[in-house]
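Take a look at the structure below.
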Amino acid sequence: MEEIDRRRTFAIVSHPDAGKTTLTEKFLLFGGQIQVAGAVKSNKIRKTATSDWMDIEKQRGISVTTSVMEFDYEGYKINILDTPGHQDFAEDTFRTLTAVDSVIIVIDSAKGVEMQTRRLMEVCRMRSTPVIVFVNKLDREGNDPFDLLDELEEELKIHVRPLSWPIEKGVRFKGVYNIYEQQLNLFTPNKQMVTERVTVDVDSPDLEAHVGEDNAAKLRQDLELIDGVYEPFDHQAYLDGQLAPVFFGSALNNFGVQELLNCFVKIAPSPRPTQALERQINPEDGKFTGFIFKITANIDPNHRSSVAFCKVCSGKFQRNEPYYHVRLDKTFRFSSPTQFMAQRKSTIEEAWPGDIIGLPDTGNFKIGDTLTQGEKLHFKGLPSFSPEMFKYIENADPMKAKQLAKGIDQLMGEGVAQMFVNQFNGRKLIGTVGQLQFEVIQYRLEHEYGATCRWEPASLYKACWIESDDAAELDAFKKRKYQFMATDKEGRDVFLADSGYVLQMAQIDFKHIKFHFTSEF
């Protein structure tokens, strides 16, 4: 129980460019995992961010895949998942949210709540995941903090309670008052190192000396107003996902980050029970269970191996012990399970509930697979969504057909995109949620597998999985729609509708066929 209680597993999510990766970098700095913080985009700072390790991420300054990192902080063991904000990779982020116990949402103080943030909040609300909000970039001119709080309540449909408060913003930004611990912490702004902090009590005359008379008076007024308007922080309401504590700061300048981290480790939940189809699994159950929520190909360019990320749900995982793979009905032993620091990894002997471990994968795993000590369990809630963009993939170099086939197979196993084989002409069709994924696939095929491909347009509206109890009707449907039938990599029937009207007519004409828009049914 001690090991379970000191675990904190969470994801950092937001709209692109709000500062998730920079915040992750500063957490690692406070946790002592790195001595100097890298930058996502900067010409002066030569070191790149730890969690953006793929070449394409370094070039573009955006995250395209979820990175897993772990560190120790004040007796707690923290597992962070830094997710991509770009909506083209939303599916990776949605799946990551099934493996965490709480979430930190990062908001840009100038832009407020953006489209992608709302969608992520809906996923958190569905699972009633506890949420903490960090309002970032106060070193730039932005909205008034009180206006931001109103916007958060309205847009995210959740009650808020500020637990830290900024003193000025933009070029006049002085620091952050910590409401949770009732003291003012002043740092010297420094982008790469942790600096000494000065601690001042809000009622003492020293406050004027540090921030000036006007700021001191305004801070005392603001704090009175906060206590008048917002109810005191209720820990249970936060755990139930009804209340979001709000912190202000600038991740780039290290302001407000430590306040967030100190409060987070105290109030965030330790690993929670997981719902399987058969029963609820509690972290303190004696036997090991875990599920695969993500697969990454080529983490280590020298070995060309895939790694499956497994979230431990209960019991204790041990190296070289036999574990039962439910879908394949086989037993496996893992001689080199690893723990991550983005791309650097180290072999571990054991892992506890809440931890995320990497298992070397030679094609045995799929997203959603379950590992147990013999019990047959199935976890649900890891769907693939129906893709909205389609292109045919063609081999651009006939000498490299084998490399291309291997590359496509491994990248599709990651769940980045989906591949369908058209039954009419046998061509391979790639479906994605966003345009950027095609560029990432092409880049990775070339740089990681040495295979070149070219895209050909396919004008399709949607792919949907079909099933029916009426075999004759299903047969008639397949014959009539012969040109638009395909199979996915599991061999299931997929109907490729070329317009919304065609899909609607098919649903009316064939009453006994069910059309599904996620792969989990």
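The values are calculated or read from the model by the stated rules, or taken from the named source; none is laboratory data. On a predicted model such as this, the values are computed, not experimentally measured, just so you know. Cβ: placed from backbone, ideal geometry, glycine included. Neighbour counts: every protein chain shown. Calculation scope for accessible area: heavy atoms of the full protein, side chains included, ligands and nucleic acids excluded. Shrake-Rupley method; radii C 1.70, N 1.55, O 1.52, S 1.80 Å.
When the helices in the chain are scored as -39500 (n - 2.57) per DSSP H run of 4 or longer and the sum is shared across all residues, what 222 nm value do you end up with, to the nearest 500 deg cm²/dmol?
Numbers: 14 runs with 139 residues, N = 521.
It lands at -8000 deg cm²/dmol.
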DSSP beta bridges in the chain [antiparallel fraction, %, rounded to 5]: 75
Kirkwood Rh, angstrom, region 422-491 [1 / mean 1/r, Cα pairs]: 14.6
Relative contact order (%) - region 126-282, alpha-carbon pairs under 8 angstrom, separation at least six: 33
Cβ-Cβ FRET estimate between Trp455 and Lys478, R0 fixed at 30 Å, reported to 0.05: 0.60
Using alpha-carbon coordinates, inclination of helix 115-126 to the longest axis of the chain, degrees: 80
Cleavage-rule hits, trypsin sites (Lys or Arg not before Pro), region 348-403, DSSP coil, Cβ neighbours within 10 Å at most 13: Lys376, Lys380
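Say R0 is 22 Å: what FRET efficiency, to the nearest 0.05, do Arg119 and Lys380 get from their beta-carbon distance?
The calculated FRET efficiency here is 0.60.
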Cα pair distances of the chain binned at 10 Å [whole percent]: 3, 17, 26, 25, 17, 8, 3, 1, 0
Cα-based Lys pair tally, region 303-453, threshold under 18 Å, eight or more apart or on separate chains: 14
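Rounded if a/c is under 1.5, else prolate if a/b is larger than b/c, else oblate: which is region 452-510, with a ≥ b ≥ c the root eigenvalues of its Cα gyration tensor?
oblate
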Solvent exposure of region 423-521 as accessible area per residue, Å², 1.4 Å probe: 52
Mean separation of Cα contacts under 8 Å, 6 or more apart, over the residue count of the chain: relative contact order %: 13
Per-residue HN-Hα couplings for region 235-252 [Karplus 6.51, -1.76, 1.60; θ = phi - 60°; Hz; x = Gly/Pro]: 4, 5, 5, 5, 5, 7, x, 9, 10, 10, x, 10, 10, 10, x, 9, 5, 5
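Subtracting the Cα-Cα distance from 0.36 nm times the residue separation, let me have the gained length for Tyr392 to Asp5 in nm, one decimal.
134.4 nm
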Region 378-438: chymotrypsin sites (Phe, Trp or Tyr not before Pro) in DSSP coil with no more than 14 other Cβ atoms inside 10 Å: Phe424
Degrees separating the helix 435-449 axis from the principal Cα axis of the chain, which is the longest one: 80
Under 15 Å from the Cα of Lys511 - aspartates and glutamates, other chains or at least 8 residues apart: Glu467, Asp469, Asp470, Glu473, Asp475
Exposure rank, largest accessible area first [Val229, Val68, Val502; 1.4 Å]: Val229, Val502, Val68
Additional length obtainable on full extension of the chain from His516 to Gln435, 0.36 nm per residue less Cα span: 26.9 nm
Lys, Arg +1 and Asp, Glu -1 on Cβ, resulting dipole of region 395-493 about Cα centre, debye, nearest 20: 380
Rh (Kirkwood; distinct C-alpha pairs) - region 383-521, Å: 15.7
Shape call, region 117-171: gyration tensor on alpha carbons, a/c limit 1.5: prolate
